[in-house]
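Have a look at the structure below before the remarks.
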């Protein structure tokens with residue numbers, strides 16, 4: 001049962017300036033604002049396998065990437081095993097006991113789906129290979145989410161390539177950035193991020209880590225910076241603050257902000273843990289990043305005049321060392337920061353400016369293990385667990401449970417919100433949920 005939570009309604013966030021298309025679509029991981037919110041969507045509150053399902057389409061292979069939405073098309077990535085099974089090859093990496101063995105050659109594909117009726121418009125094979133790592137048993141080989149600007153589609157399969165296509169599936173350019181050796185062989189997952197100034201990829205692994213910015217039209221490298229980091233699965237975040245565009249990347253050793261034009265490190269901050277997964281969020285000159293693998297940390301960074309090493313300085317507006325996020329990324333909505341403890345069904349809500357937690361944390365009833373990140377729109381928050389349950393709660397000062405909705409699939413991918421629909425990508429099916 002959802003416990004009540006009182007929250008002051010101050011510190012409302014003003015949305016960045018976005019065009020109507022950018023507001024209406026869900027063109028990237030974590031949505032148009034990079035916070036998990038759609039400011040314009042109004043999806044259903046209730047659904048089931050027999051209610052409010054506009055269509056349900058089987059997607060070949062497996063992928064945990066978020067579906068992205070641009071106008072009448074939905075794009076998803078997938079990894080499809082092909083051919084005869086190979087003799088299982090098990091990882092010998094330390095800590096790899098939870099990994100799947102490599103058993104097949106794999107096709108790495110991107111699929112365009114009609115938003116109107118769910119039929120597959122086109123399917124493009126971008127690469128084919130026997131993978132060097134199969135990853136954790138809960139992972140997939142297609143976990144990085146695609147991104148689009150409405151003209152080009154960018155698809156990232158990590159060690160298996162970065163690709164730019166037009167929206168009809170024609171390949172424009174491709175890059176191979178190397179072979180990633182992830183910690184414990186658990187697999188890859190960081191998504192590319194896009195801005196008018198370029199396309200950015202983070203490459204943190206057990207080898208030589210780096211971040212690279214490329215011309216989005218040609219794939220030519222604009223800058224590349226080495227990173228003194230080990231494996232992370234966190235996606236970079238692009239933030240504009242005081243007319244300067246920076247790329248923020250969470251890492252084990254440092255949380256860093258890079259100038260998007262030059263690649264210069266603007267600021268850095270220590271304090272997070274190993275195994276960084278959650279993507280930071282930001283608004284109103286504040287940035288929030290958390291982790292909880294072996295130690296728990298959540299940092300609220302005041303970006304005003306942040307420069308150099310800001311560890312343990314006044315630029316840390318507030319911090320906490322309990323009930324912090326691990327796999328699901330935080331949600332920043334209406335002046336509040338929401339995050340799940342580790343990946344459990346326990347939600348914390350704090351005032352984003354102050355870190356104050358008037359009440360909570362609170363349990364989410366039947367919601368259990370959660371890998372997908374919470375999303376929000378129309379005053380509601382949607383949280384989907386791995387067993388196919390989606391809890392819908394209000395974002396009122398005292399949240400209420402509106403519904404608990406069950407689908408017959410497993411879910412690791414985060415939802416996409418657009419118009420009057422919520423798009424959910426399961427292990428087998430892509431669902432378009434809208435009021436009938």
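The values are calculated or read from the model by the stated rules, or taken from the named source; none is laboratory data. Predicted, not measured: the structure shown is a model, and the values here were computed from it. Virtual Cβ from ideal backbone geometry, glycine too; neighbours counted across all protein chains shown.
Quick one: how many residues across the range 407-423 are farther than 19 Å from residue 23 by Cα and outside any loop (DSSP other than H, G, I, E, B)? Within the range 407-423, residues that are farther than 19 Å from residue 23 by Cα and outside any loop (DSSP other than H, G, I, E, B) number 0.
If you check residue 382 against the conditions, is it over 20 Å from residue 323 (Cβ atoms), under 23 Å from the mean Cα position of the chain (by Cα) and modelled with pLDDT of 95 or more? Yes, satisfied.
Restricted to the range 124-148, and to residues there that are in contact (Cβ under 8 Å) with a residue 60 or more places away in the chain and in a strand (DSSP E or B), the residue that is nearest to residue 234 (Cα to Cα) is 147. Filter the range 226-242 for residues that are at pLDDT 95 or above and surrounded by fewer than 16 Cβ atoms within 10 Å (Cβ to Cβ); which is farthest from residue 325 (Cα to Cα)? Here the answer is 226. The criterion of being assigned to a strand (DSSP E or B) and surrounded by fewer than 21 Cβ atoms within 10 Å (Cβ to Cβ) holds for residue 245.
Only one of the numbered conditions (1) crowded, with 20+ Cβ neighbours inside 10 Å; (2) at pLDDT 95 or above is violated by residue 130, and that is (1). Among the residues of the range 247-280, those identified as farther than 21 Å from residue 292 by Cβ and touching a residue at least 40 places away in the same chain (Cβ under 8 Å) are 247, 257, 258, 260, 261, 263, 265, 266, 267. Determine, yes or no, whether residue 427 is in a loop (DSSP other than H, G, I, E, B), more than 28 Å from residue 299 (Cβ to Cβ) and either touching a strand residue (DSSP E or B) at 6+ places or on another chain (Cβ under 7 Å) or without any contact (Cβ under 8 Å) to a residue 60 or more places away in the chain (or both). Taking the combined requirement at face value, the residue satisfies it. Kindly establish whether residue 239 is outside any loop (DSSP other than H, G, I, E, B), touching a residue at least 40 places away in the same chain (Cβ under 8 Å) and either under 30 Å from residue 214 (Cβ atoms) or in contact with a helix residue (DSSP H, G or I) (Cβ under 7 Å, 6 or more places away or on another chain) (or both). So residue 239 fits the description; yes.
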